Amino acid sequence: MDLKNTMKYTKDLSILYVEDDEDAIEHLSSVLETLFLTVHKAYDGNHGLESYNNYYSMYNKYYDLVLTDIEMPRKNGIELSEIILDINPNQNIIVISAYNEKERLQQLLTMGITNFLHKPVESRNFFDTFKKCSKLICEQNKMKEELHSSQEVNHNLEVLLDIVNQVAIISKTNLQGTITFVNDLFCQ
């Protein structure tokens with residue numbers, strides 16, 4: 001169990017935990033609350049979907065991670081995952097179940113869900129799965145920030161170029177002395 005190494009990736013992330021077994025949700029929630037910045041709990045699939053949508057409405061972003069049981073009343077974990085992936089195809093989801101049915105596992109894989117925990121959850125598998133998912137999320141977030149930053153730099157360069165074009169006469173010549181470029185101010 002490598003709690004410290006896992007927390008390096010999870011400490012700033014949010015998670016929605018959907019589970020109908022109150023004992024399981026209370027037990028696992030205490031561990032999740034140690035790992036994650038934000039932990040929200042829902043007690044069935046409908047409540048989970050409502051929480052998912054409310055979180056987006058409040059924060060204008062989705063949960064970083066969704067952990068859901070498969071067998072639940074009102075809406076099972078597979079149905080919930082399908083709806084969430086329709087809303088946000090990039091959502092990271094971990095499915096947890098006491099059952100090991102090939103058919104359901106195949107259905108999850110077809111949906112693109114590759115993170116699965118079997119109950120009772122072994123602590124090593126638990127931490128490895130959360131570390132792997134959270135590390136990927138952190139890398140994705142870093143790439144988004146870098147992309148946003150480079151877009152900001154490009155925008156600032158365009159603004160600067162517009163300002164220079166408005167106040168400076170610019171011409172470009174080749175080695176033979178032929179003018180190859182002039183800005184609008186040069187032509188006025």
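Do you know which residues across the stretch 112-149 are under 24 Å from residue 82 (Cβ atoms) and either charged (D, E, K, R) or surrounded by 15 or more Cβ atoms within 10 Å (Cβ to Cβ) (or both)?
We begin by selecting, within the stretch 112-149, every residue under 24 Å from residue 82 (Cβ atoms); these are 112-119, 121, 129-130, 132-134, 136-137, 140.
113, 115, 116, 117, 119, 121, 129, 130, 132, 133, 134, 137 - these are the residues of the stretch 112-149 that are under 24 Å from residue 82 (Cβ atoms) and either charged (D, E, K, R) or surrounded by 15 or more Cβ atoms within 10 Å (Cβ to Cβ) (or both).
Would you please name the residue that is nearest to the chain's Cα centre (by Cα), looking only at residues in the stretch 32-46 that are surrounded by fewer than 16 Cβ atoms within 10 Å (Cβ to Cβ) and not in a strand (DSSP E or B)?
The first filter runs over the stretch 32-46 and keeps only residues surrounded by fewer than 16 Cβ atoms within 10 Å (Cβ to Cβ), leaving 33-34, 37-38.
Imposing the further condition that a residue be not in a strand (DSSP E or B) reduces the set to 33-34, 37.
Numbers: 33: 18, 34: 20, 37: 14 Å.
Per the criteria, the residue is 37.
Within the stretch 156-170, is even one residue at pLDDT 85 or above and out of contact with any Leu (no Cβ under 9 Å at 6 or more places or on another chain)?
So the first thing to find is which residues in the stretch 156-170 are at pLDDT 85 or above, and the list is none.
No, that holds for no residue.
Results for (1) over 15 Å from residue 43 (Cα atoms); (2) touching a Lys or Arg at 6+ places or on another chain (Cβ under 6 Å); (3) aliphatic (A, V, I, L, M); (4) modelled with pLDDT under 90, shown as yes or no for each residue.
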{"site": "62", "(1), (2), (3), (4)": "yes, no, no, no"}
{"site": "66", "(1), (2), (3), (4)": "no, no, yes, no"}
{"site": "74", "(1), (2), (3), (4)": "no, no, no, yes"}
{"site": "80", "(1), (2), (3), (4)": "no, no, yes, no"}
{"site": "103", "(1), (2), (3), (4)": "yes, no, no, yes"}
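Condition first: part of a helix (DSSP H, G or I) and surrounded by fewer than 20 Cβ atoms within 10 Å (Cβ to Cβ). Now tell me which residues in the stretch 10-31 satisfy that. Before you say what the answer is, go through the steps one by one.
Quick first cut of the stretch 10-31, residues part of a helix (DSSP H, G or I) only: 10, 22-31.
Matches in the stretch 10-31: 22, 23, 24, 25, 26, 27, 29, 30, 31.
The values are calculated or read from the model by the stated rules, or taken from the named source; none is laboratory data. Only a predicted model underlies this, so the values are computations on that prediction, with no experimental measurement involved. Every residue, glycine among them, receives a Cβ derived from its backbone with ideal geometry; neighbour counts consider all protein chains shown.
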